[in-house]
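Below you'll find the structure, written out as structure tokens, and then a few comments.
Every number here is computed from the coordinates shown, using simple stated rules; none is lab data. Bear in mind the structure is a predicted one, so any value in this text is a computation, not a measurement. Reconstructed Cβ throughout: ideal geometry from the backbone, glycine too, with neighbour counts over all protein chains shown.
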Amino acid sequence: MLEIYLNGMLLSGGLIIAIGSQNAFLLAHGLRRESPVLIATLCAVCDALLILAGVMGLGTLIQSSNTLLELARWAGVVYLTGFGLISLRRSFKTEQLKAEGQVQKSVRAIVLSTLAVTLLNPHVYLDTVILLGSIGAQYGDQRGYFVLGAVTASLIWFYGLGFGAVKLAPLLSRPLAWKIIDLVICLIMFSMALSLVQMDLVHIL
């Protein structure tokens, strides 16, 4: 039981710690003090539901449908590219780079943006639904412990990243620091979008 729980926790942790669009999104909003707890909660809940769905069999279904994989891939390309362009534009606007005094987004806007960066990223499905789902399903009646371990890793990581970013915000009040952060986020988004395009080309060839 404990071994299965730890396996789920370690595997999930290894997948979500890698810098990606979701982590970059949470980090950026945490640094700006834009509802990091809400975003971390949404990310963790989405992860938990996707992991559970994968373990219960959805991963096999998605993997067997080329149409679903293609739709998810190109939706991700469009969204990641758009997000990257927004970050690039923001890096040229000094007045928007301070954590204090910014116009706060509405809760609705933050929720929709978080769901978009999470659910329109095909890598999320590859990692949580297909990979974790296929491995967790192998534990049969004890797969619940695997899911619990995987969800625990998500909770620790997302809340740690959100609160950690808030703590770092005072140290990153200089405009240059924000320019660098936005440029790095832009590069992450563009590189992930490009990786999805290349994945599609490889698939076609």
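Treating cross-link reach as a plain straight distance, find the lysines whose alpha-carbon is under 23 Å from the alpha-carbon of residue 93, omitting any fewer than eight places away in the same chain.
The qualifying lysines are 105, 179.
Could you line up 9, 189, 1, 56 from fewest to most neighbouring Cβ atoms inside 10 Å? Could the numbers behind the result be given before it?
Values: 9 20, 189 25, 1 9, 56 14.
In order of increasing Cβ crowding within 10 Å: 1, 56, 9, 189.
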